[in-house]
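Asks: First the structure, which I've put down as structure tokens, then a few questions once you've had a look.
The values are calculated or read from the model by the stated rules, or taken from the named source; none is laboratory data. These numbers come from a predicted model, not from an experiment. Note that we place each Cβ from the backbone using ideal geometry, even for glycine, and neighbour counts take in every protein chain shown. The protein model used for the area step is the full one, side chains on, heavy atoms only, and it has no ligands, DNA or RNA in it. Shrake-Rupley method; radii C 1.70, N 1.55, O 1.52, S 1.80 Å.
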Amino acid sequence: MTRRDTYWSTKLAEISSRRPTAGKKYEEWNKNVLSPWNRQTGSKEDDRENTSGIPVKPVYRAEDVPADYGDRDLGMPGEYPFTRGVYPNMYRGRLWTMRMFSGFGTPEDTNRRLKYLISHGESGLSIAFDMPTLYGYDCDNKRAEGEVGKCGVNVTSLRDMEVIFDGIDLSSVSTSMTINAPAIILLAMYLAVARKQGVPFSKVSGTVQADILKEYIAQKEWMYPPEAHLRMIRDMMVYCTRNVPKWNYISISGYHIREAGSSAVQELAFTLADGFHYVQMGKEAGLNVDDFAPRLSFFFNSSINFFEEVAKLRAARRIWATVMKEKFGAKSEKAMLLRFHTQTSGYSLTWQQPLNNVIRTTIEAMAAVMGGTQSLHTNSYDEAWALPSEKAVKIALRTQQVIAEETGIPDVIDPLGGSYYLEWLTNEVEERAYRYFDQIEKLGGILEAVKKGYIQKEIAQTSYRRQTRIEEGKEIMVGVNKYVEEGETPIRILRVSRKAQKTQLDRLTALKGFRNESDVRKSLEKLEASMHNPSENLMPHILQAVESYCTLEEISNVGRKVFGGWKEPVIV
Amino acid sequence: MFKDKPVKVLLAKPGIDGHDRGMFVLARAFRDAGMDVLYAGLLPTPQEVVDTAVNEDVDVIALSLLNGAHLTAFKKVSDLLRKKGIDDIAIVGGGTIPDTDKPKLEKLGISGNYGPGTPLSVIIDHVTKRATESRKKKMGSG
């Protein structure tokens with residue numbers, strides 16, 4: 001056994017030793033009250049379980065949580081291990097950020113939209129990219145046909161980024177870019193715009209998602225083998241820690257893992273395991289954990305099994321703080337805080353009776369808030385049909401505003417804390433996550449587990465089991481397998497025009513006319529040379545290529561040549 | 001009809017779209033229903049999908065897209081198949097396909113076009129029905 005192995009098994013043993021034993025009072029009640037009642041009324045006591053397959057009892061009592069549970073496991077808000085929240089005042093100080101993620105066809109459309117938001121007081125901008133950009137293809141690639149400007153804005157070169165941020169002072173906004181495989185290139189473009197505006201890198205702030213491990217696990221947007229992408233993330237970490245200190249270079253995401261079919265426990269375990277890998281990587285690159293860990297943030301899903309979600313989010317904070325302190329030696333509390341964004345579950349929404357989705361989203365949003373989220377995106381009721389319409393987006397935002405302003409929920413921190421059920425479930429979810437960490441370590445770490453397809457298979461199995469349970473009526477989706485209505489009328493949905501493709505193609509043609517081809521060639525050659533030297537930081541070379549107006553695909557192709565592509569392990 | 005050779009189906013996402021949850025569920029469900037299942041992997045081009053379908057002599061190509069590009073991408077697969085003069089491979093579709101797009105796809109011979117929440121049994125029955133048509137044509141053409 002290696003030393004790393006020991007931490008997880010020791011931790012597991014420690015948690016198991018604290019497990020409470022079944023209470024006498026409960027057994028008596030079950031025998032003397034519940035069972036006779038069921039016999040008399042003809043009720044059947046069937047087995048219940050949540051999405052993680054955790055069986056749940058009919059009722060919970062104080063003895064379901066360990067006797068010394070309290071200060072050690074819960075603490076107070078803003079206190080280690082942060083189970084009850086990362087800040088002392090939580091929403092009493094400031095509400096969560098209502099961050100609605102969206103995409104807009106052309107760079108010009110996006111620029112108009114951003115300026116509109118800024119004029120209404122927004123300073124946190126959020127940008128979604130289209131599929132070609134996410135995969136590192138230019139708008140004139142054959143694969144991009146029909147996809148340009150759908151699901152987000154298209155960025156083929158620095159020219160597009162210049163248009164997006166035309167007239168927007170990058171020292172006064174913070175920009176979140178949902179981009180993974182080519183994140184280092186998009187960040188370079190953003191920095192290039194800042195440089196042109198004369199804004200020093202030290203004043204540039206924002207986020208790229210750049211969580212490549214979850215791409216191999218769930219979202220499947222990659223360009224190269226995992227090691228090549230991980231090196232680029234390392235280079236971003238090192239470069240930003242030294243030069244762009246306000247940049248959040250990874251948003252470690254469980255959202256996509258859950259949408260791909262995982263359970264809540266799997267989402268939690270695989271996401272945190274990814275996070276631990278990045279922390280290890282930063283340490284191995286010679287960075288101090290207290291310096292870079294505060295720049296890591298998380299992104300979770302909130303689905304429909306209410307208590308399971310709240311328990312997951314509380315357990316996430318506790319595990320992260322504990323492991324950062326005990327295993328990675330973090331000293332500063334900031335490096336132990338798990339701050340996260342939440343999005344309600346797209347998978348839980350149904351195509352049938354779409355207005356029911358408003359209710360589902362409301363319940364999921366409440367779970368996110370009671371779980372202590374820092375920001376929240378609520379899905380629109382028409383998303384099982386198409387990209388959301390404006391009307392549907394507005395209702396989704398109003399949902400958050402009603403929770404924030406009318407319900408009183410934000411008035412008390414961790415309002416469900418102390419519920420026997422929730423505290424028991426938080427412990428249960430935590431223990432199951434540690435079991436996965438132990439298992440992943442035994443497989444040689446998360447990277448190996450992903451390359452072997454272990455994680456993907458675990459998720460596919462859960463997803464198939466869930467689907468089977470729905471087919472068998474063991475799990476209910478209203479309007480799908482119960483309370484079904486025939487002959488539903490379609491709702492109004494959004495249509496995306498094709499003008500984006502033409503605008504982008506025209507701009508690319510113009511670009512190839514004005515740029516200096518010898519600069520382009522030279523910077524791509526330099527980049528290629530640097531890729532062959534693993535200890536060299538790629539960031540300055542990519543910045544150079546971007547500023548020479550090399551296109552996204554030209555830059556991506558250098559990596560495709562040096563590192564090759566990636567074929568995923570067999571999962572089906 | 002399928003006694004010696006079970007229904008052979010190729011699952012494919014002919015575009016840049018990584019939403020493969022439904023594909024994996026279908027792959028298992030088709031297999032449990034006794035079908036011979038092939039999966040084209042991620043990001044195949046329509047040409048690659050058609051080439052695999054022809055080389056493997058499948059009965060049905062089951063296409064899925066959740067990125068809104070079904071009208072462009074599904075049509076490409078259908079056009080390529082037609083250009084090769086192949087009529088004994090059926091195409092079925094699924095994903096986030098608005099009702100108004102369904103007749104357009106049907107006209108291209110792409111049937112099913114099921115949305116989320118469709119019972120697996122409905123999809124299996126439909127694929128079997130289309131496979132039966134393909135098999136009859138395959139037998140007819142000797």
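Asks: In the stretch B:26-57, how many are surrounded by fewer than 20 Cβ atoms within 10 Å (Cβ to Cβ), at the interface with chain A (Cβ under 8 Å from one of its Cβ atoms) and among the β-branched types (Val, Ile, Thr)?
Replies: 1
Asks: Given the options A:Gly167, A:Gly198, A:Gly206, name the one that is free of Cβ contacts under 8 Å to residues at least 24 places away in the same chain and of a type outside the set (Ser, Thr, Tyr).
Replies: Testing whether each residue is free of Cβ contacts under 8 Å to residues at least 24 places away in the same chain and of a type outside the set (Ser, Thr, Tyr) leaves just A:Gly198.
Asks: Is it the case that the stretch A:326-335 has a residue that's open to solvent by less than 10 Å² (accessible area, probe 1.4 Å) and in a helix (DSSP H, G or I)?
Replies: yes
Asks: Please tell me if A:Arg339 is open to solvent by 20 Å² or more (accessible area, probe 1.4 Å) and in contact (Cβ under 8 Å) with a residue 40 or more places away in the chain.
Replies: yes
Asks: Within the stretch A:57-71, does at least one residue satisfy the condition of being within 26 Å of the chain's Cα centre (by Cα) and either among the acidic types (Asp, Glu) or open to solvent by less than 40 Å² (accessible area, probe 1.4 Å) (or both)?
Replies: No, there is no match, as no residue in the stretch A:57-71 is within 26 Å of the chain's Cα centre (by Cα) and either among the acidic types (Asp, Glu) or open to solvent by less than 40 Å² (accessible area, probe 1.4 Å) (or both).
Asks: Which number in (1) surrounded by fewer than 24 Cβ atoms within 10 Å (Cβ to Cβ); (2) under 16 Å from A:Arg295 (Cβ atoms); (3) within 14 Å of another protein chain (Cβ to nearest Cβ) marks the one condition that A:Ser253 misses?
Replies: A:Ser253 satisfies every listed condition except (1).
Asks: If you take the residues of the stretch A:129-144 that are among the charged types (D, E, K, R) and open to solvent by less than 30 Å² (accessible area, probe 1.4 Å), which of them is farthest from the other protein chains (Cβ to nearest Cβ)?
Replies: A:Asp138
Asks: Follow-up. Identify, please: which residue in the stretch B:1-25 is more than 18 Å from A:Lys220 (Cβ to Cβ) and open to solvent by 40 Å² or more (accessible area, probe 1.4 Å) and is, among those, nearest to the other protein chains (Cβ to nearest Cβ)?
Replies: That would be B:Pro6.
Asks: So in the stretch B:73-115, with the set limited to residues that are facing chain A (nearest Cβ under 9 Å) and free of Cβ contacts under 8 Å to residues at least 24 places away in the same chain, which one is surrounded by the most Cβ atoms within 10 Å (Cβ to Cβ)?
Replies: It comes out as B:Pro98.
Asks: Just wondering, is there one or more residues in the stretch A:108-128 that are within 14 Å of another protein chain (Cβ to nearest Cβ) and at pLDDT 85 or above?
Replies: There is at least one residue in the stretch A:108-128 that is within 14 Å of another protein chain (Cβ to nearest Cβ) and at pLDDT 85 or above.
Asks: Then there's this: Scan the strands (runs of 3 or more DSSP E) fully inside the stretch B:55-142 and keep the ones with 3 or more residues being modelled with pLDDT of 95 or more and acidic (Asp, Glu).
Replies: Result: empty, no element qualifies.
Asks: Hey, A:Glu162 hits all of (1) within 14 Å of another protein chain (Cβ to nearest Cβ); (2) at pLDDT 95 or above but one; which does it fall short on?
Replies: Failing condition for A:Glu162: (1).
Asks: For A:Ile359, which of the numbered conditions (1) open to solvent by 20 Å² or more (accessible area, probe 1.4 Å); (2) touching a residue at least 12 places away in the same chain (Cβ under 8 Å) fails to hold?
Replies: Going through the list (1) open to solvent by 20 Å² or more (accessible area, probe 1.4 Å); (2) touching a residue at least 12 places away in the same chain (Cβ under 8 Å), A:Ile359 breaks only (2).
Asks: Further, regarding this structure: For the stretch A:145-159, give me each residue that is over 10 Å from A:Thr110 (Cβ atoms), away from chain B (no Cβ under 14 Å) and not polar (S, T, N, Q).
Replies: If the condition is that a residue be over 10 Å from A:Thr110 (Cβ atoms), away from chain B (no Cβ under 14 Å) and not polar (S, T, N, Q), then A:Leu158, A:Arg159 are the ones that fit.
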